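Let me begin by presenting the structure, written as structure tokens, before commenting on it.
Just so it is clear, none of the values below were taken in a lab; they were calculated from the coordinates. What you see is a predicted model, and the numbers here were worked out from it, not measured in a lab.
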Amino acid sequence: MLMFDAIVPVATVGAAVGAAAGNVAAGAGGAGTTRFSVDPDQAQNMIKGLKDAVEKLVELKEKSRQLQQSGAPGPDPYSGWSTLAMRQAAGDNAGGYGWANEAAQDALLKTIENIEKALAEYRGTDEAAKNAVKG
């Protein structure tokens, strides 16, 4: 089995949120890791699935940008306030959808990188073992 670390974005409330967001990209303390295994023959399928998920997140990120630019549906103050709340929830500030989307993209890309690295190491070890047997 091929072992690799999957990055799990983790954020805490308060001042540490910004630090946690920075750590997700680096795969450091603000992000958790979970150890997984996959059959080496299925690793490429897993990588493809993760890349597809990143593509979907990119599409959804565009939707959040559209929400951030939307106007109030009516002239009343309640429409205005709800539009501001919607923009904030869809936004890129800590806790907003855009922010969470980017953290998820970073985590998936780091996980893909970890799988590819583990697969390369596995193939190198496998090739070395075959060469040793041949003699």
Worksheet item: What is the extension gain from residue 69 to residue 57, computed as 0.36 nm multiplied by their sequence separation minus the C-alpha to C-alpha distance, in nm to one decimal?
Response: 2.5 nm
Discussion item. If I take the Cα coordinates of region 23-135 and project them onto the principal axes, what are the three extents in Å, biggest first?
Written reply: 82, 27, 16
Fill in: Cross-link reach list, lysines versus residue 110, counting only Cα pairs under 26 Å and skipping chain neighbours closer than eight places
48, 51, 56, 61, 63
